[in-house]
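The structure appears below as structure tokens.
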Amino acid sequence: MIIGRRKLIAGLGAGIALGGCQKILETEPADRLASSLDLFTRDAQRLVTGPNALAREYAPDERSPDFRANGSRTVDTPEYRRHLANGFADWRLSVGGMVARPLSLSIADLQQMPARTQITRHDCVEGWSAIGQWTGTPLSHLLRLARISDKARYVLFRCADNYGDTPYYESIDMIEAMHPQTIMAWRMNGQPLPERHGAPLRLRVERQLGYKHAKYVTGIEVIEDFRTIAGGKGGFWEDRAGYQWWAGI
Ligand SMILES: Nc1nc2c(c(=O)[nH]1)N[C@H]1C(S)=C(S)[C@@H](COP(=O)(O)O)O[C@H]1N2
Ligand SMILES: [Mo]
């Protein structure tokens, strides 16, 4: 390809936006415009790269000596402090929502399941990147175990940390959720996941920007629509700062 993927997608997006803008503005409330363009960008990107394309993986010696921690680096609720002090021995992850078999799993349960290890680059919108190694349970495995409904469209991640008094959360669609590099990670660079990087469990969704990679995950919820949840935009920064829900790299 002669032009970069980003440029091509931006070009496709701009073309449609110009052609379809008037109609969208007449028929859709302003806050739905952003999400229609988000979904258009997503579909255009998947047309170019394919829904199963893998994010680049790196060699062990390419790992960043200092992987920056961003956003919450600690969780100051009494419940989290207790779990941390206790080595997360009685901590549980819940998997629920539109599933036939809700799950409640300990870290030991997760560690007995099939695992995947990958060395990938994390890209934050604030303009920094870092390469790290992650080991965890494929999200697809958990979703199959829980037997998700045919109507399920998104997977929502609830986190233990609050920003002010708003809990952090994120959501991804089923194609990202079932992708082989989408894992619930409990190890980083060969060590148990450190507190500042989301202990005991965080999402790695390698084809998406940093803010989608929810840390301190305590609940996974399978849903049909995120517009009725929290601020309605599908994620903490989407609600708070207008970050795009589609954060494909
Ligand atoms: N629960 C939670 N998850 C979060 C955040 C946060 O503040 N809270 N920050 C996000 C952002 S913007 C980035 S770049 C990454 C940072 O992950 P790191 O601290 O492991 O580098 O976590 C993401 N996930
Ligand atoms: Mo970020």
Item to check | Ordering of 58-66, 45-53 by packing [mean C-beta count within 10 Å, highest first] | outcome: 45-53, 58-66
Checklist outcome for this item: Least to most buried among 172, 148, by other C-beta atoms within 10 Å and fewest first, runs 148, 172
Checklist entry - When a footprinting reagent is the concern and you count Cβ atoms within 10 Å, what order do 245, 91 take, fewest first? => result 91, 245
Item to check | Note, ³J(HN,Hα) from phi for region 118-129, Karplus 6.51, -1.76, 1.60, rounded to Hz, x at Gly and Pro | outcome: 8, 10, 9, 9, 8, 10, 8, 4, 6, x, 10, 9
Checklist entry - Using θ = phi - 60° and the Karplus form 6.51 cos²θ - 1.76 cosθ + 1.60, what ³J(HN,Hα) does each residue of region 91-101 get, whole Hz, x for Gly and Pro? => result 6, 9, 9, 9, 10, x, x, 7, 10, 7, 9
Item to check | Percent breakdown of C-alpha pair distances by 5 Å bin, ordered from the shortest bin, for region 157-232 | outcome: 3, 15, 26, 26, 19, 8, 3, 1
Next on the checklist: When 1/r is averaged over all different Cα pairs and the result inverted, which Kirkwood radius in Å belongs to region 105-249?
Outcome noted: 15.3
Item to check | DSSP-assigned coil residues among GluC sites (Glu not before Pro) in region 159-249, each with at most 15 further Cβ atoms within 10 Å | outcome: 224
Next on the checklist: For a test of understanding, tell me how many lysine pairs in the chain have Cα atoms under 25 Å apart, given they are 8 or more places apart or on different chains.
Outcome noted: 7
Item to check | Sparse-neighbourhood loop sites, trypsin sites (Lys or Arg not before Pro) in region 175-249 - DSSP loop, at most 14 other Cβ within 10 angstrom | outcome: 227
Checklist entry - Could you give the alpha-carbon Rg of the chain over 2.2 N^0.38 Å, rounded to two decimals? => result 1.02
Checklist outcome for this item: A correct fewest-to-most ranking of 188, 113 by other Cβ atoms within 10 Å would be 113, 188
Checklist outcome for this item: Ranked output for segments 117-129, 76-88 by mean other Cβ atoms within 10 Å, highest leading, reads 117-129, 76-88
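Rule-based calculations on the coordinates, nothing more; no lab input. Quantities reported herein were computed from a predicted structural model and do not represent experimental measurements. As a convention, Cβ positions derive from the backbone with ideal geometry for all residues, glycine included, and neighbour counts pool all protein chains shown.
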